[in-house]
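Take a look at the structure set out below.
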C-alpha cells in the first residue's frame, strides 16, 4: 500500500453558479484524500478543522478505512467557511473567505512523516501553514513532495472579496519541492502579473526558475484545454479527455493532483502521470462533492 501525507485545510463551501444553481458542501483537502482512500492508498491527514464541521466531516470519512486520523485537529468555531462563484464571464472563481482556522501546528505533522511515500501540500485557504513551519516539515520529510499553489495566490483577507495578488514569496515555499502545480491565474500571480494570464514563453521562464529550486516537473492546468507539463528536458501539452456533462468543477484540480502524484510515486513518468490525472479529473466534473469523489475513485 502506498502511504501519502496530506497537508491542507478542510473547508465549508457555498458554491454559486451564474445559471442560478447553488449548494453547500464540505470540501478542501478532503478531495485528494477521497481519491487516495478510494483507490486503497493510506492517507495521513494533517489538517485543522472547525468544530462546527465535525459531524459532517466524520460522516464523510467514516467509510475510508485507509485514512489515518492522527493529524486531524478540531478547533473551536465554524472553521474555513468559503463562498465561491463560478461563471462563464470569469477567468477564475471569485472567492470570499468568511472565517478561517489558525495555521497548522507542525507538531501535529512531524511525528507522522516517517515512512511516507509522498507528501502533498495544498493551500486551500492561504492561511494553512506558516513558512517557517513548512521549512521545518520539508527538512524532516524524506519522500517526494508535491505543492499546489492554489489559494496562496489570493489576498490574505477574511470577510471580503479576495483579489488575485502577486506572490514573489512562492520561491521560498517551493524550494526543495519535487512537483509544482498551478493554474494559469496562479502562474500569473507567481510571475508578479496577476492582471493577465501568461503566455507560454512566460510559463516556461517560470518553470525554469522552479527547476533551479529543485522542482522536477511543473504542471499548469488550463481547464478544458488540458495541462501544460514542463520538465527540464521536455515540455508537452496534455489535452483533457472529453468530459461528461459538467455537474460541478470544484475539486477537479485536487483530483488531478492526487491521481497524477499517485502515478508518479508508482514510477510513471511526468507525461503519463498527467494523462492519468487528467483522465480522472475529467470524470470528476460529472459528480458533486467528497462522497461522490470517493465512490468515483473506488470504481475507476
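The values are calculated or read from the model by the stated rules, or taken from the named source; none is laboratory data. The model shown is predicted, which means the values in this text are computed figures rather than measured ones. As a convention, Cβ positions derive from the backbone with ideal geometry for all residues, glycine included, and neighbour counts pool all protein chains shown.
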Limited to the range 19-58, what total is found for residues that are in contact with a strand residue (DSSP E or B) (Cβ under 7 Å, 6 or more places away or on another chain) and either surrounded by fewer than 17 Cβ atoms within 10 Å (Cβ to Cβ) or in a loop (DSSP other than H, G, I, E, B) (or both)?
-> 8
Kindly establish whether residue 63 is assigned to a loop (DSSP other than H, G, I, E, B) and closer than 30 Å to residue 194 by Cα.
-> no
Which listed residue, of 102, 106, is crowded, with 18+ Cβ neighbours inside 10 Å, out of contact with any strand residue (DSSP E or B) (no Cβ under 6 Å at 6 or more places or on another chain) and under 21 Å from residue 49 (Cβ atoms) = 106
Would you confirm whether any residue within the range 264-274 is touching a helix residue (DSSP H, G or I) at 6+ places or on another chain (Cβ under 9 Å), modelled with pLDDT of 95 or more and farther than 17 Å from residue 145 by Cα?
-> yes
Got a sec? Which of 48, 34, 100, 62 is more than 18 Å from the chain's Cα centre (by Cα) and either under 30 Å from residue 1 (Cα atoms) or modelled with pLDDT of 95 or more (or both)?
-> 62
Is it the case that some residue within the range 156-164 is closer than 26 Å to residue 97 by Cα and in a helix (DSSP H, G or I)?
-> no
Subset of the range 165-185 (residues that are within 16 Å of residue 229 (Cβ to Cβ) and either touching a residue at least 60 places away in the same chain (Cβ under 8 Å) or in a helix (DSSP H, G or I) (or both)) = 179, 181, 183, 184
One residue from 14, 98, 69, 85 being in a strand (DSSP E or B), within 17 Å of residue 112 (Cα to Cα) and out of contact with any helix residue (DSSP H, G or I) (no Cβ under 6 Å at 6 or more places or on another chain) | 69
So which residues in the range 190-226 are touching a residue at least 40 places away in the same chain (Cβ under 8 Å) and surrounded by 15 or more Cβ atoms within 10 Å (Cβ to Cβ), if there are any at all?
-> 190, 194, 197, 213, 215, 216, 217, 219, 221, 226
Considering the range 109-122 alone, what residues qualify as being crowded, with 22+ Cβ neighbours inside 10 Å and part of a loop (DSSP other than H, G, I, E, B)?
-> 109
So which residues in the range 54-99 are closer than 16 Å to residue 133 by Cβ and touching a residue at least 40 places away in the same chain (Cβ under 8 Å), if there are any at all?
-> 71
Would a scan of the range 138-146 turn up a residue that is in contact (Cβ under 8 Å) with a residue 12 or more places away in the chain and in a strand (DSSP E or B)?
-> yes
